[in-house]
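Please treat every number below as a calculation from the coordinates, not as lab data. Nothing here was measured: the structure is a model prediction, and the numbers come from that model. We place every Cβ from the backbone using ideal geometry, glycine too, and count neighbours over all the protein chains shown.
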Amino acid sequence: MILSLYEMPILHFSSATGVCSFTFDEFIFLQNYQKYITFETINIKILHFVQMTMKSMKTIIALLLFVVPAAVYAGQYQSDSSKVNVRFAYDLDFDMQFDNREFYKSNFTTSKTIFGARLTPAVGLSLHQKNGVSHRLMAGIDVMKDFGAAPVAAGYAPSDSPDADPKLNNLNLFKEISLYYSVSKQMGKTGFEMIAGVFPRRFSEGSYSQAFFSDSLRFYDNNLDGLLLKIKRPKAYYEVGCDWMGMSGVYRKERFMIFTSGEGAVLPFMSLGYAAYLYHFAGADVSPGVVDNALVNPWLSFDLAEYADMQKLSFRLGWLQSLQNDRVHVGKYVFPGGGEFVAQVQKWNVGVRNELFVGVDMMPYYNCNDTGGYKYGSLLYMGSPFYRVYDDSTDKVGLFDRLEVYYAPKFGTPYLNLKVSALFYFSARGYSGCRQMVSLNFNLQELLGRHNRK
């Protein structure tokens, strides 16, 4: 296919700003080929695809999170003959974490020190239409370094030991490539955004209890592989996404999670919200079987900071309800659950946050093995291990309490965050240990977004 000069995009360069852009003054190409791209043709293709593949929840995910939003934006693009502005886009996020864990009084997890930093640069193209639709196509790399994880000196470890691998200094720092497409549109007071591909976990803005995702998971599993749809209103936010974590293999289990979170203000000081996930944990060739794991967390929150002249003064009451079934070993659903109360107060950048859970073991299969003899553990449960309450798989009611005292200075910028914390853990068996944490985050995209809003 050859484009005429009349159909070619026109390139513009501004010496004043140093920005390259090009615009499509006429959509001759689209008009010439529109007769071949009709909705009847698309419907036939979709019908054929559905007949061939829609035999499971995977296709439903694709239809809800990809086909519907894409069709909406495709229709807007076809009917819009305005100019398209294309620009160079970039993003950068830096995250450093120091986390000293002293859990010698507990069997829930081990004592260790996590100290590392992550840099996630990305570059690509940004396209803006006059009808308000914005597109971004990005590619990047996740660079992560655990401090101290350097090759052991010769003579102190066998040459074939993983601790002596020279790649620890360089190649092993490159963890994962990110590549994603996003499309967004502001319609009145409602903003829509869809992201597809491999993208940073920080794009998910929902509120999730530690029962869903632990601190360790958020730091070490930095990316989501799949789709994310976000809806924003002045007093509400909702998201739904799919994270595909495992492709079926000989030892690799097929795993994916549908997750969602939402919150809406019903009064100036009161909000209703929820979080939930449906986790499909299937087997591998050497360990067939399926475990169904669903978790729902409705909650009610109160924000009284402005009435008490505080930076933060909030209370949240919620219920955690899980539905789980090991189809091979158990064959029926179990329903662990419990109540969770979260309180936070902050003044002069010094704060206290307490999370109290009262209920039964939320991870009943944690210490069980699959059909291949491999422990389920943190592969099946990605939340804080303290939600096991007693860690003996009993259904006795117990408690878990996490008390955090912190200092979070403000630098007058939303893109730079520093936090120093001391955390104390209590379980049904008593005092379980403590943590000392320092976190530092710099997000360039937050800075760019703030600049663009001025």
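Take 311-318, 236-243, 345-352 and order them by the average number of nearby Cβ atoms within 10 Å per residue, most first; the result is 236-243, 311-318, 345-352. Looking at Ile141, Phe192, Gly373, which one has the Cα that reaches farthest to the positive end of the dipole of segment 80-453 (charges on Cβ: Lys, Arg +1; Asp, Glu -1)? Ranked along the dipole, the leading option is Phe192. Residue ranges 208-220, 356-368 sort as 356-368, 208-220 when ordered by packing (mean number of other C-beta atoms within 10 Å per residue, highest first). Taking every alpha-carbon pair in segment 80-453 and binning the separations at 20 Å intervals from zero gives 23, 59, 17, 0 percent.
How long are the three semi-axes of the equivalent ellipsoid of segment 233-279, in whole Å, if each is the root of 5 times an eigenvalue of the C-alpha gyration tensor, listed from largest down?
Values: eigenvalues 239, 14, 4 Å².
Calculated on Cα positions only, the semi-axes equal 35, 8, 4 Å.
Relative contact order of segment 80-453: what whole-number percent is it, with Cα pairs under 8 angstrom and at least 6 residues apart? It comes to 13 percent, rounded to a whole number.
Arg402: net charge of surrounding residues, Cβ under 12 Å, Lys/Arg +1, Asp/Glu -1, itself excluded? Working shown, then result.
On the way: positive: Arg353, Arg435; negative: Asp215, Glu340, Glu355, Asp401, Glu404.
Net of charged neighbours comes to -3.
With a cut-off of 8 Å between alpha carbons and a minimum separation of six or more residues, what is the relative contact order of segment 117-203 in percent? Don't skip to the end; give the middle numbers.
On the way: 146 pairs, mean separation 24.1, N = 87.
28 percent.
For Leu356, what is the net charge nearby, where nearby means another residue's Cβ is under 10 Å from its Cβ and Lys, Arg count +1, Asp, Glu -1? So the environment of Leu356 carries a net charge of -2.
Cross-link pairs exceeding 31 Å in C-alpha to C-alpha distance, out of Lys145/Lys375; Lys112/Lys235; Lys167/Lys410; Lys253/Lys419; Lys175/Lys347; Lys130/Lys232, comprise Lys112/Lys235; Lys167/Lys410; Lys253/Lys419; Lys175/Lys347.
Cα to Cα, under 14 Å, and not fewer than 8 places away if on the same chain: which aspartates and glutamates meet these conditions relative to Lys332? Correct list for Lys332: Asp292.
Given the peptides 253-266, 166-179, arrange them by the average over their residues of other C-beta atoms within 10 Å, most packed first. Walk me through the numbers before you get to the answer.
Details: 253-266: 18.4, 166-179: 13.8.
Packing proxy ranking, top to bottom: 253-266, 166-179.
Starting from the Cα of Lys396, draw a straight line to each of the aspartates and glutamates and keep only those under 17 Å, dropping any in the same chain fewer than 8 residues away. Within reach: Glu340, Asp361.
With a cut-off of 14 Å between beta carbons, the residues surrounding Gly318 carry a summed charge of -2, where Lys and Arg count +1 and Asp and Glu -1. Only aspartates and glutamates eight or more places from Lys230 in sequence, or on another chain, were considered; those with a Cα closer than 16 Å are Glu193, Glu205, Glu239, Asp243, Glu263.
Using unit Cβ charges (K, R positive; D, E negative) and no other charged atoms, how large, in debye to the nearest 20, is the dipole of segment 80-453 about its Cα centre? Don't skip to the end; give the middle numbers.
Values: 39 positive and 37 negative charges, 211 e Å.
In debye, rounded to 20, segment 80-453 gives about 1020.
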